[in-house]
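Undergrad: Got a structure here, written out as structure tokens. Questions coming.
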Amino acid sequence: MKSDTAKTAVLQEETRIFNTPQWIIEHSNSYQWMKNKGFKTENEMRKWCSDNYIEFWDEMARTFVDWFKPYTQILDDSEKPHYKWFTGGKVNVAYNAVDRHAHSEKRNKVAYYFVGEPVGDAKAITYYQLYREVNRLANALKSVGVEKGDRVVTYLPMIPEQPITMLACAKIGAIHTLVFSGFSSGGLASRVNDAEAKVVVTADGFYRRGKPLPLKPNVDEALKNSPSVKKVIVVKRTGVSVPMTEGRDVYYDDFVAGQSTKCETVPLDPEDRLFILYTSGTTGKPKGIEHAHGGYAVGAAQTTSWVLDVHDDDVYWCTADAGWITGHSYVIYGPLILGASSILYEGSPDFPDLGRWWSIIEEYGVSVFYSAPTAVRMFMKSGEEFVKKYDLSSIRILASVGEPLNPEAYMWFRKNIGSDQAPIMDTWWQTETGCHVVAPLAMTPEKPGSVCFPLPGMNTDIYDEDANSVPLGYGGNIVQTAPWPSMLRAFFRDEIRYKKEYWDMYWQVKPGTYLAGDKATRDKDGYWWIQGRIDDVLKVAGHRISNAEVESAAVSHPKVAEAAVIGEPDEVKGEKIVAFIILKEGVVEEESLKKDISTHVRKVLGPVAYPDKVYFVKDVPKTRSGKIMRRVIKAKALGKDTGDVSALSNPEAVSSIPQIN
Ligand code: WT7
């Protein structure tokens with residue numbers, strides 16, 4: 001799927017086009033808006049909305065979000081590249097996601113159908129119930145001194161306390177930072193410390209593949225050197241006994257006991273920060289992406305309505321973990337702001353068997369289903385047996401995110417899960433963009449494997465090195481040529497890196513151009529094809545992991561001197577992690593040591609970063625400034641042309657890298 005050349009094979013070969021059934025088109029939110037406005041074609045509408053993006057987002061902001069105080073300026077771009085949206089207004093995401101529904105005719109509507117992994121462990125939570133729980137926790141947080149702007153880390157499985165904590169923070173103006181529960185203590189510690197979190201909310205454990213697994217011990221390990229953390233709140237999920245640190249740790253139930261179910265929602269400046277979410281970049285240090293209340297709420301809600309086409313009577317399910325941006329925008333905020341009913345599922349897709357997801361779709365009548373290519377490919381590989389057992393005819397819209405949905409996976413998903421009729425919204429976006437950027441709408445004729453076109457309101461283009469938009473049929477860097485409401489606002493305490501990574505590339509020629517970090521091409525019909533990252537970032541089962549982070553975890557093994565990490569194409573996971581290891585002087589190269597190194601990386605970073613293959617090498621190619629040349633290593637390992645290596649400080653090291661496929 002990734003390609004070093006500008007044009008992919010798929011681009012030249014794909015001729016299939018799928019039209020969505022007319023009833024799905026006419027029923028869709030985006031189509032109805034288009035008709036009301038009098039646009040004749042999708043192209044005309046997309047173009048108008050992007051050309052007039054300020055006017056467009058103004059209308060969307062009024063449609064999807066209630067403002068305590070109306071804003072007086074839509075966009076303030078006087079301090080590029082720090083943009084401000086909806087200036088002068090007052091807003092709070094929690095009011096929009098919960099309070100207003102709890103006081104409307106939606107009060108008894110289900111916000112979440114929580115489905116625990118143990119079969120039968122399920123409960124429905126209405127908007128009114130959610131409201132009361134959020135208020136109790138918000139009051140409890142205030143009682144231990146959490147104030148506006150303070151950071152609260154959650155390290156939780158997919159259980160109701162996850163959205164409750166996020167919303168409780170938002171309500172009082174605290175900033176939440178979710179750490180995916182698949183990270184281990186090392187990943188947790190670095191994020192807690194960078195964010196200087198005051199409180200950590202976690203659980204005793206969670207269920208995975210039928211077994212209760214511990215979570216709290218990772219927190220104890222991570223917090224050994226975290227002076228900022230004053231309280232650890234522990235949700236009892238599995239009921240196993242866990243060590244509790246006197247004075248610091250408290251069980252969730254005890255923490256909220258006796259708290260009032262009423263709590264004032266603080267009217268905030270739209271630019272006040274809602275969350276920091278750490279994501280991987282080119283260096284080993286994760287970057288804290290900051291998102292703001294106002295613009296983020298608008299982007300998340302608008303795209304949940306337009307792209308995922310969630311309606312009031314849908315049962316909607318996004319399978320992402322809340323710990324990633326997809327979870328933030330499309331499990332929590334987007335659907336809640338719309339007042340939708342969603343599934344919140346704790347477990348893995350294959351417990352007790354590979355039919356679990358499909359059984360949930362049948363049982364709850366899920367009509368909009370948002371998942372990831374790696375999951376689709378896993379099911380594809382295991383055959384249709386489990387799919388056929390269930391009635392999936394409720395599905396109207398499918399969606400995908402995280403990495404390219406290759407055409408075979410598109411075909412399988414559409415046929416088997418979408419009853420051969422549901423369109424698939426292949427959504428391209430990033431932690432940094434906050435919401436979808438390039439994607440089809442229900443009305444878009446789809447080409448399998450293409451993310452179609454930039455969305456209404458987005459000014460997305462493909463640039464060459466000199467900031468020229470490339471003609472159809474060519475590839476280049478994905479850029480945003482104008483700001484959008486749900487864009488990242490900053491890196492937490494790292495202004496230099498913020499500018500360097502996203503804004504410096506084209507600043508001399510076209511200041512204010514956002515460099516996304518992906519390459520794409522457009523075919524002769526203008527359809528977009530994503531080609532992958534331009535930097536050293538891995539996509540393993542859709543998770544964004546930096547090569548450098550895995551390398552430094554490997555180097556922390558006592559016998560490892562140096563490590564170089566690359567991704568090898570994998571049928572199911574997209575990429576798998578391969579590590580080339582230089583051992584310390586005198587250490588004997590033993591087979592068992594390879595496993596030991598992988599296990600060590602898993603311990604430091606978590607199961608998401610487990611190296612599938614380890615090779616011992618004598619040397620790795622480097623630039624004169626000492627940077628590991630992963631591109632060259634990868635080419636050699638995969639049996640491809642390494643290109644010109646004369647500029648390396650040690651060109652002879654290339655021969656030390658074995659071919660691995
Ligand atoms: C990177 C962002 C955005 C939510 C999930 C991941 C890749 C994302 C697609 C897609 C091809 C995709 C890009 C992007 N990506 N969606 N539909 N087709 N590639 O968020 O962890 O911030 O990762 O995921 O490389 O830059 P993230």
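The values are calculated or read from the model by the stated rules, or taken from the named source; none is laboratory data. Just so we're clear, the structure is a prediction, and the values are computed from it rather than from any experiment. A quick note on method: Cβ atoms are made from the backbone with ideal geometry, for glycine too, and the neighbour counts reach across all protein chains shown. Calculation scope for accessible area: heavy atoms of the full protein, side chains included, ligands and nucleic acids excluded. Shrake-Rupley method; radii C 1.70, N 1.55, O 1.52, S 1.80 Å.
Undergrad: Just to be sure I understand the filter: pairs with C-beta atoms under 8 Å, separated by 6 or more residues or on different chains, first member in the range 504-532 and open to solvent by 10 Å² or more (accessible area, probe 1.4 Å) and away from the ligand (no atom under 16 Å from the Cβ), second member at pLDDT 95 or above and among the hydroxyl-bearing types (Ser, Thr, Tyr). Which pairs pass?
TA: TRP507/THR513; LYS510/THR481
Undergrad: What about VAL572, is it closer than 30 Å to ARG191 by Cβ, open to solvent by 20 Å² or more (accessible area, probe 1.4 Å) and among the β-branched types (Val, Ile, Thr)? Step through it out loud before you land on a result.
TA: Details: closer than 30 Å to ARG191 by Cβ: yes; open to solvent by 20 Å² or more (accessible area, probe 1.4 Å): yes; among the β-branched types (Val, Ile, Thr): yes.
Spelling it out, VAL572 is indeed closer than 30 Å to ARG191 by Cβ, open to solvent by 20 Å² or more (accessible area, probe 1.4 Å) and among the β-branched types (Val, Ile, Thr).
Undergrad: Looking for something more than 18 Å from PHE453 (Cα to Cα), open to solvent by less than 20 Å² (accessible area, probe 1.4 Å) and within 16 Å of the ligand (Cβ to nearest atom) - is there at least one such residue anywhere in the range 492-502?
TA: Our first condition is that a residue be more than 18 Å from PHE453 (Cα to Cα); within the range 492-502, this holds for 492-502.
From what's left, open to solvent by less than 20 Å² (accessible area, probe 1.4 Å): 498, 502.
From what's left, within 16 Å of the ligand (Cβ to nearest atom): 498, 502.
Taking every residue of the range 492-502 in turn, at least one turns out to be more than 18 Å from PHE453 (Cα to Cα), open to solvent by less than 20 Å² (accessible area, probe 1.4 Å) and within 16 Å of the ligand (Cβ to nearest atom).
Undergrad: So, in the range 472-514, how many residues would count as being among the aliphatic types (A, V, I, L, M) and under 30 Å from ALA197 (Cα atoms)? Give the steps one after another, and end with the answer.
TA: Within the range 472-514, the subset among the aliphatic types (A, V, I, L, M) is 472, 478-479, 482, 487-488, 490, 496, 505, 509.
From the residues that got through so far, the ones that are under 30 Å from ALA197 (Cα atoms) too are 487-488, 490, 496.
Selection size over the range 472-514: 4.
Undergrad: Also, I was wondering about something else. Please work out which one of (1) closer than 24 Å to PRO445 by Cα; (2) open to solvent by 10 Å² or more (accessible area, probe 1.4 Å); (3) within 16 Å of the ligand (Cβ to nearest atom) is the condition LEU472 fails and give its number.
TA: (3)
Undergrad: Scan the range 332-365 residue by residue and report those that are over 23 Å from LYS539 (Cβ atoms), part of a loop (DSSP other than H, G, I, E, B) and open to solvent by less than 10 Å² (accessible area, probe 1.4 Å).
TA: Matches in the range 332-365: GLY339, ALA340, GLU346, GLY355.
Undergrad: Now for a different question. Does SER371 satisfy the condition of being open to solvent by less than 10 Å² (accessible area, probe 1.4 Å), in contact (Cβ under 8 Å) with a residue 40 or more places away in the chain and touching a strand residue (DSSP E or B) at 6+ places or on another chain (Cβ under 7 Å)? Spell out the reasoning first.
TA: Details: open to solvent by less than 10 Å² (accessible area, probe 1.4 Å): yes; in contact (Cβ under 8 Å) with a residue 40 or more places away in the chain: yes; touching a strand residue (DSSP E or B) at 6+ places or on another chain (Cβ under 7 Å): yes.
Against the criterion (open to solvent by less than 10 Å² (accessible area, probe 1.4 Å), in contact (Cβ under 8 Å) with a residue 40 or more places away in the chain and touching a strand residue (DSSP E or B) at 6+ places or on another chain (Cβ under 7 Å)), SER371 qualifies.
Undergrad: Among ALA422, ALA482, ALA467, ALA439, which is among the aliphatic types (A, V, I, L, M), at pLDDT 95 or above and closer than 24 Å to ALA322 by Cα? Let's see the steps before the verdict.
TA: Details: ALA422 fails: closer than 24 Å to ALA322 by Cα; ALA482 fails: closer than 24 Å to ALA322 by Cα; ALA467 fails: closer than 24 Å to ALA322 by Cα.
Exactly one residue qualifies, and that residue is ALA439.
Undergrad: Right, another one. Is there a residue being in a loop (DSSP other than H, G, I, E, B), within 12 Å of the ligand (Cβ to nearest atom) and surrounded by fewer than 20 Cβ atoms within 10 Å (Cβ to Cβ) anywhere in the range 448-458? Talk me through it step by step, then tell me what you get.
TA: Our first condition is that a residue be in a loop (DSSP other than H, G, I, E, B); within the range 448-458, this holds for 448-451, 453, 455-458.
Filter once more, so that each one left must be within 12 Å of the ligand (Cβ to nearest atom): 449-451.
Filter again for surrounded by fewer than 20 Cβ atoms within 10 Å (Cβ to Cβ), leaving none.
No, because not a single residue in the range 448-458 is in a loop (DSSP other than H, G, I, E, B), within 12 Å of the ligand (Cβ to nearest atom) and surrounded by fewer than 20 Cβ atoms within 10 Å (Cβ to Cβ).
Undergrad: Are there any pairs, at least 6 apart or on different chains, whose C-beta atoms fall under 8 Å, with the first in the range 293-321 and free of Cβ contacts under 8 Å to residues at least 24 places away in the same chain and the second open to solvent by 10 Å² or more (accessible area, probe 1.4 Å), and if so, which?
TA: Partner pairs satisfying both residue conditions: none exist.
Undergrad: Which members of the range 225-240 meet the condition of being open to solvent by 40 Å² or more (accessible area, probe 1.4 Å) and either within 25 Å of the chain's Cα centre (by Cα) or touching a residue at least 12 places away in the same chain (Cβ under 8 Å) (or both)?
TA: ASN225, LYS230, LYS231, LYS236, ARG237, GLY239, VAL240 - these are the residues of the range 225-240 that are open to solvent by 40 Å² or more (accessible area, probe 1.4 Å) and either within 25 Å of the chain's Cα centre (by Cα) or touching a residue at least 12 places away in the same chain (Cβ under 8 Å) (or both).
Undergrad: So which of LYS106, LYS80, LYS148 is closer than 20 Å to PHE64 by Cα, assigned to a loop (DSSP other than H, G, I, E, B) and either of a type in the set (Ser, Thr, Tyr) or touching a residue at least 24 places away in the same chain (Cβ under 8 Å) (or both)?
TA: LYS106
Undergrad: Report whether or not VAL540 is on the phi < 0 side of the Ramachandran plot and more than 16 Å from the ligand (Cβ to nearest atom). It would help to see each step written out before you state the result.
TA: Values: on the phi < 0 side of the Ramachandran plot: yes; more than 16 Å from the ligand (Cβ to nearest atom): no.
In short, no.
Undergrad: For the range 367-425, which positions are of a type in the set (Lys, Arg) and more than 16 Å from the ligand (Cβ to nearest atom)?
TA: Filtering the range 367-425 down to residues of a type in the set (Lys, Arg) leaves 377, 381, 388-389, 396, 414-415.
LYS381, LYS388, LYS389, ARG396, LYS415, listed by residue number.
Undergrad: Give all pairs with beta carbons closer than 9 Å in which a residue from the range 402-415 that is closer than 15 Å to ASP570 by Cα and assigned to a helix (DSSP H, G or I) meets a residue that is open to solvent by 10 Å² or more (accessible area, probe 1.4 Å) and within 13 Å of the ligand (Cβ to nearest atom); count only pairs at least 6 apart in sequence or on separate chains.
TA: Every condition considered, the pairs that remain are GLU408/GLY449; ALA409/GLY449.
Undergrad: Which residues, taken from the range 110-132, are under 20 Å from TRP358 (Cβ atoms), not aliphatic (A, V, I, L, M) and not in a strand (DSSP E or B)?
TA: GLY116, GLU117, PRO118, GLY120, ASP121 - these are the residues of the range 110-132 that are under 20 Å from TRP358 (Cβ atoms), not aliphatic (A, V, I, L, M) and not in a strand (DSSP E or B).
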